[in-house]
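Encoded as structure tokens, the structure appears first; notes follow it.
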Amino acid sequence: MAASLSSRLKRLRETRAATSPLPELAIESAESDHPEFLALWERIAPHAYRRSVTRALDNLPSVLDADPFVARLASRYSLPAILERRETRLPCDVRELRFFDLETTGLSGGAGTIAFLATVARPSEGSLFLEQFFLSDYPGEASYLRAVLSALGPAPLLVTHNGKAFDVPLLRTRCLMQGLRFPEPCLHLDFLMTARRLWRSMLGGASLGILERGVLGLERSGDVPGQDIPGIWLASLRSGFHPLLPQVITHNLLDVENLAALLARANQVFTHPRDFADGSSVDRYSLARILVATGRAGEGETLLQAAAAEGDPRSALFLSRLLRAMHRGREARNLLVGLEGSWALRMESSNIAEKEEGDLSVALSSASEAVALATTRSQRESAESRVRRLELRVAKALSLRPGRRRS
Amino acid sequence: MIELTATTRIDDLLDDPAIAGSLVHVRREAAKPPLWADFPPDLEPRLRLALEKRGVERLWSHQRAAWDRIQAGHNVVVVTPTASGKTLCYNLPVADALLRDPEARALYLFPTKALSQDQQSELNELTIGGDLGFKVFTYDGDTPDSLRVAARDTGRIIITNPDMLHTGVLPNHPRWIRFFAGLRYVVIDELHAYRGVFGSHVANVIRRLKRIAAFHGAHPAFILSSATIGNPQELAESLIGEEVEAVTENGAPRGERVYAFYNPALVDPVQGIRKSTATESEKLALILLRKGVKTILFARSRMRVELIASYINEALANIWTDNSRIDVRPYRAGLLPSERRAIEKGLREGSIQGVVSTNALELGIDIGGLDAAVVAGFPGSFASFWQQTGRAGRRGDLSIAFLVASSAPLDQYIINNPEYFFGRSPESGRIDPSNPYIFMDHLKCAAFELPFSETLERLEDDGTQGVPAGEAVSLESPAGEALSFLEEDGILRRTGGRWYWSSQGYPSEGVSLRSASSDNVVIIDRSGGGSRVIGEMDRPGAKELIFDNAVYIHLGRQYLVEKLDLENRSCHVVEKSVDYWTDSIVKTDLSVLTEDVTGPLGPGSAASYCLCDVLVRSQAEKFKKLRFHTHENIGYGEIHLPPEEMQTRSIALVFGEASPGGQVLAAIPETAKAAVIGAAGKLIRDIAPVFLMCDPRDLGLSERVRDPHFNAPAIFIYDRYPGGTGLAEGLVDKLDVVIRAARDRLGACSCADGCPSCIGVDHVPGSGPAPLVRGRDLKQRIRHFLAVLGGLDTKEG
């Protein structure tokens, strides 16, 4: 059977070779374990390289000062939650702050996907210190990973972009495969979550590329599209140096550098929210909600007022509820006037009319409009039950029984 | 309900004039008392207590036998008919191990999702009911993300199916580190389902599983269970690639059972036309149901199931007696899971009295006990037949099973040879883990999961039977060679003594365990300018069924194919009502690539056989338009598609000039030669599945008056799955019996000129023009030819 299988395999292959184009010719590159583009890198083990870059930090001072925002990083995983709990005591050392990003051989993960490039950055004496680790071939993976782990430190305060879903599980898998212990982060801030709230609605997305252009005003030149990166490294394994490989390395470096800049910008936004009240650069509504949730209702209100005045229905509605919660319901009265009708707005109007002004007929007519505007069954049902309740109140007020059935 | 407890009642039933005339054989099997065994003395006390709470105070002998062998460190396969307590055979050792070691884990594999769910409820009863307190999770495509993490981290028993293991679990094994590190037992239920293509795939998945478990430091024992098949031990061993001990003696009690063979009356004896199997089965089911007998009817297609169920319900509703309260449901694949669960529950609880099912209910889904089974047409394999009839009489009471024959040669052979039917051992399940296509696919998946390392040593288990189960592979082995091929293709990279996965993809996504190729054509409904996906079809099938201008029928609706775009794997159709269907005429060409084994055919060496690799080229060139109902040919059309090529395994029957078989053919006039070879080949091909445990559609046929390779007349019977799944090899061992059975069938057939039950009245639709010579002469010649091949007295024919 064995011999037969082997001849069948050969034949299978021959017919395939005849019908499909020949694969690229393999040029042996493994022997020259020192491609020229790595000349300036430090060879830490066979197939594993390291280099470091220091960047000036003129746009990052506050991050480095471990100001209240970074301090608050420590308490939870996403910004709103971080700010909710006004903890000042850090569960981990702010000096363990690490920005981190990987380039991999595939985007769908799994045990056969590896990370061949990693950048770890940390603040250092007024600048950003970036270390890059490059794996030039599989056998160097264990040494390469050890170097990455040592740069991350034993309990890092990690900042990534989409690292929760991708980079961190992947690195954990690689460590398991190589029998290394992955250091669980003291805290992991996935900036994607923050960026979505602050900018997605205005920029149409929250990918790093979009944020760089829309928030930092940066334009990369000669950048490699992310989906091409796995192929470039794999091709360089097969046929030696790939001319785009240096750009992949730069791409990864810029990702991390710009992530740090974006975090600094987010910090600025949270520290001085009123500076962003004109709504040209952040989603005021989302920012205001975060501020309110973290006990900074006054600042939140400023943003909401500005947005509501410009006719943003979400902000108007949220502000109206906020004011009522603060027993300033009368101020909410005119907020919703003139806004385009929606179920939520009409329900709120009805609430204001009933509870703040005691005007049952306006409350009832708003609720009836809400029934007509409902888009889901549960919306319609809650509007209808409101209508029934108000009718009952009106009837009571007129000292009339609504019917004999309820006797 | 009237209980079927008295033999006289069965006799009444069989004497019913509506039935008696068509009964060709009745067989009674006596009841069998249970064989008891005590609990093993070393059983974990909490487990013993939990069982006693459920009223289990001792075991059946086979349950104890399984326990003893497992405790002695063996892998075990338990062969059990339905309702013989097989689940306890594996739940007992597994629960015992989990209670003793908090790190121990077990994996349960079921061939389908529905079975997993059944199993989970049974396990939950045992675990919660007995406060055993270990977590059982079903992990399959329906498991919500929120539960998956908990399943991986805390599940002590994971219930899944091979497909999920293949695409979801193994490629992500680092997430399952705790589970794999503690893996003590792998339970594989319904072993008999793992045969052919599916089994060959799963055998490779199991090797990948063992490889990953070993990487995490675990070497699990395997417990398998199987319905009655001819080679449980052999199949289990080739599935898991290890030695397995078989427990075959069943200690469970069995009620008295009556088998009745029912051959629908001949309507036209000359043409061999019989009453319809479906109508006759429906009639039997109605008689049984009206007598208050809970009945299951098995039909072969989903469409038939729906039709028969609705006819039965109509017939019941038409009478004004209580019978209209009898509830009969159709059960088949394609129903919603909730609909299926409701029927299963109704059957268990007695609110549904009858069910018409496809083989979907053949597997171990719990539906409680029914009193009668009606099998409409031989289901293709003995194992299926026993599984289906085993659905009746699960409570140990008297039960009855009817086999209603169709006019197919297979059915007519069986129904006329009952002594053979009951006397023979069931057929064997076959797999070929070394099918080169399947093997290569799984080698890729395995390399993705963990790099292979090379060694110069010769290893025992190194890919001669599927993917190597260890990390190391010797260079000289087939696996080593195959890895080198993958390396040359740039899929793997060999460096530092290891082969690393070196591509972007996620290989298991492109490998389906259940179908021939994963490059399916998507069928898109473009009616009214829309774009809605309504189905999928494999590429070879698409070329023969959904070519341009073909009529495609889906859930009773008719569509006309606008454009089959093979390059983009799409087929655009529009809904259109027409009064015909289309049937392509496929021309098959076959050439021999290599000869592997040759030998004499039959005791008298009347011809020779050759096990070989062949290239099959099939091309649909034309199609017929056939009117609905009358099947009258109303026109032809051209098909312009490239031929489909496939390498596979075949057996060739070669009739050399000097051989007796060759001489018989030489004496036949040229004009009749093709017809004789063709019809003989068809009969052999039609009968063979019963000996091979495969579906008739798994075998292809090609016959040559003069084959250029052998330079002689030849009949090729080939495996229709690329690379072969062991069917051709299996046929080598069974050739003599198959040929004799084919001859017996022809000899026993009452028709005059050939009929659908023997050599056919025409070739199978689509296989070519009608033969030139037909009738009595042809039948005689084929009979003689087969008699010579079977080494029987040549004068007899």
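For region B:389-442, what are the residues that are on the phi > 0 side of the Ramachandran plot and surrounded by 21 or more Cβ atoms within 10 Å (Cβ to Cβ)?
B:GLY393
May I ask you to say which residue of A:VAL159, A:VAL94 is touching a helix residue (DSSP H, G or I) at 6+ places or on another chain (Cβ under 7 Å) and either crowded, with 24+ Cβ neighbours inside 10 Å or among the aromatic types (Phe, Trp, Tyr) (or both)? I'd like the intermediate steps shown before the answer.
On the way: A:VAL94 fails: either crowded, with 24+ Cβ neighbours inside 10 Å or among the aromatic types (Phe, Trp, Tyr) (or both).
Matching residue, one of A:VAL159, A:VAL94: A:VAL159.
Pick out the one residue from A:PHE116, A:PHE182 that is closer than 25 Å to B:GLY490 by Cβ and within 14 Å of chain B (Cβ to nearest Cβ).
Of the residues listed, the single one that is closer than 25 Å to B:GLY490 by Cβ and within 14 Å of chain B (Cβ to nearest Cβ) is A:PHE116.
Do the conditions hold for A:LEU203, that is, is it outside the structural domain of A:HIS161 (by TED's automatic domain parsing) and out of contact with any Ser or Thr (no Cβ under 9 Å at 6 or more places or on another chain)?
no
Here are A:GLU299, A:GLU357, A:GLU340, A:GLU310: which of them is at pLDDT below 90 and surrounded by 17 or more Cβ atoms within 10 Å (Cβ to Cβ)?
Values: A:GLU357 fails: surrounded by 17 or more Cβ atoms within 10 Å (Cβ to Cβ); A:GLU340 fails: surrounded by 17 or more Cβ atoms within 10 Å (Cβ to Cβ); A:GLU310 fails: surrounded by 17 or more Cβ atoms within 10 Å (Cβ to Cβ).
Only one candidate passes the filter, namely A:GLU299.
Scan region B:649-669 and give yes if some residue there is acidic (Asp, Glu), surrounded by fewer than 24 Cβ atoms within 10 Å (Cβ to Cβ), touching a helix residue (DSSP H, G or I) at 6+ places or on another chain (Cβ under 9 Å) and modelled with pLDDT under 90, otherwise no.
yes
Residues in region B:176-187: is at least one at pLDDT below 95 and over 20 Å from B:ASP101 (Cβ atoms)?
no
Just one of the numbered conditions (1) surrounded by fewer than 19 Cβ atoms within 10 Å (Cβ to Cβ); (2) under 25 Å from B:PRO171 (Cβ atoms) is not true of A:ASP137; which one?
(1)
Counting only residues that are closer than 25 Å to A:SER136 by Cα and either touching a Leu at 6+ places or on another chain (Cβ under 9 Å) or assigned to a strand (DSSP E or B) (or both), how many does region B:476-494 have?
Within region B:476-494, residues that are closer than 25 Å to A:SER136 by Cα and either touching a Leu at 6+ places or on another chain (Cβ under 9 Å) or assigned to a strand (DSSP E or B) (or both) number 8.
Looking for something crowded, with 21+ Cβ neighbours inside 10 Å, over 19 Å from A:ASN258 (Cβ atoms) and either assigned by TED's automatic domain parsing to the domain that holds A:ARG181 or without any contact (Cβ under 8 Å) to a residue 40 or more places away in the chain (or both) - is there at least one such residue anywhere in region A:117-132?
No, region A:117-132 has no match at all.
Quickly run through region B:642-661 and pick out the residues that are in contact with a strand residue (DSSP E or B) (Cβ under 6 Å, 6 or more places away or on another chain), within 24 Å of B:GLU621 (Cα to Cα) and in a loop (DSSP other than H, G, I, E, B).
B:PRO643, the sole residue that qualifies.
Just checking, how many residues over region A:143-163 are part of a helix (DSSP H, G or I) and in contact (Cβ under 8 Å) with a residue 60 or more places away in the chain?
4
If you scan region B:259-287, which residues turn out to be more than 13 Å from B:ALA315 (Cα to Cα), outside any loop (DSSP other than H, G, I, E, B) and modelled with pLDDT under 90? Steps first, please.
We begin by selecting, within region B:259-287, every residue more than 13 Å from B:ALA315 (Cα to Cα); these are B:259-278, B:280-281.
Of the ones still in play, those that are also outside any loop (DSSP other than H, G, I, E, B) are B:259-262, B:266-268, B:273-274, B:277-278, B:280-281.
Across region B:259-287, the qualifying residues are B:LEU266, B:VAL267, B:ASP268, B:ILE273, B:ARG274, B:THR277, B:ALA278.
Any idea which residue in region A:224-234 is nearest to A:GLY109 (Cα to Cα), counting only those that are crowded, with 19+ Cβ neighbours inside 10 Å and facing another protein chain (nearest Cβ under 9 Å)?
Restricting to residues being crowded, with 19+ Cβ neighbours inside 10 Å and facing another protein chain (nearest Cβ under 9 Å), the top hit is A:PRO230.
Starting from residues that are acidic (Asp, Glu) and either in a helix (DSSP H, G or I) or surrounded by fewer than 17 Cβ atoms within 10 Å (Cβ to Cβ) (or both), keep the ones in region A:167-204 and report whichever is modelled with the highest pLDDT.
Of everything passing the filter in region A:167-204, A:ASP167 is modelled with the highest pLDDT.
If I filter region B:704-729 down to residues being crowded, with 23+ Cβ neighbours inside 10 Å and of a type outside the set (A, V, I, L, M, F, W, C), which single residue comes out as nearest to the other protein chains (Cβ to nearest Cβ)?
Residue satisfying both the conditions and the ranking: B:GLY723.
Can you say whether A:PRO139 is away from every other protein chain (no Cβ under 13 Å) and in contact (Cβ under 8 Å) with a residue 60 or more places away in the chain, as far as the supplied structure shows?
Considered against the rule, which asks whether it is away from every other protein chain (no Cβ under 13 Å) and in contact (Cβ under 8 Å) with a residue 60 or more places away in the chain, A:PRO139 comes out as no.
This table checks each residue for (1) charged (D, E, K, R); (2) more than 14 Å from every other protein chain (Cβ to nearest Cβ).
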{"site": "A:GLY240", "(1), (2)": "no, no"}
{"site": "A:PRO246", "(1), (2)": "no, yes"}
{"site": "A:ASN252", "(1), (2)": "no, yes"}
{"site": "A:GLU257", "(1), (2)": "yes, yes"}
{"site": "A:ALA266", "(1), (2)": "no, yes"}
{"site": "A:PHE270", "(1), (2)": "no, yes"}
{"site": "A:VAL292", "(1), (2)": "no, yes"}
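For region B:537-615, which fully contained strands (runs of 3 or more DSSP E) count at least 3 residues that are closer than 20 Å to B:VAL705 by Cα and either away from every other protein chain (no Cβ under 14 Å) or without any contact (Cβ under 8 Å) to a residue 12 or more places away in the chain (or both)? Steps first, answer last, please.
Details: elements: B:551-554, B:557-565, B:570-575, B:580-601.
Passing ranges, in order: B:580-601.
Do we find that A:SER365 is of a type outside the set (A, V, I, L, M, F, W, C) and touching a residue at least 40 places away in the same chain (Cβ under 8 Å) in this structure?
So A:SER365 fails the test.
Listed here are the residues, each with its yes/no results for (1) away from every other protein chain (no Cβ under 14 Å); (2) at pLDDT 90 or above; (3) surrounded by fewer than 22 Cβ atoms within 10 Å (Cβ to Cβ); (4) in contact with a Lys or Arg (Cβ under 7 Å, 6 or more places away or on another chain).
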{"position": "B:ALA479", "(1), (2), (3), (4)": "no, no, no, no"}
{"position": "B:GLU488", "(1), (2), (3), (4)": "no, no, yes, no"}
{"position": "B:LEU492", "(1), (2), (3), (4)": "no, yes, no, no"}
{"position": "B:ARG498", "(1), (2), (3), (4)": "no, yes, yes, no"}
{"position": "B:TRP501", "(1), (2), (3), (4)": "no, yes, no, no"}
{"position": "B:GLY505", "(1), (2), (3), (4)": "no, no, yes, no"}
{"position": "B:SER512", "(1), (2), (3), (4)": "yes, no, yes, no"}
{"position": "B:ALA516", "(1), (2), (3), (4)": "yes, no, yes, no"}
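The values are calculated or read from the model by the stated rules, or taken from the named source; none is laboratory data. Bear in mind the structure is a predicted one, so any value in this text is a computation, not a measurement. Backbone-built Cβ (ideal geometry, glycine too); neighbour counts: all protein chains shown.
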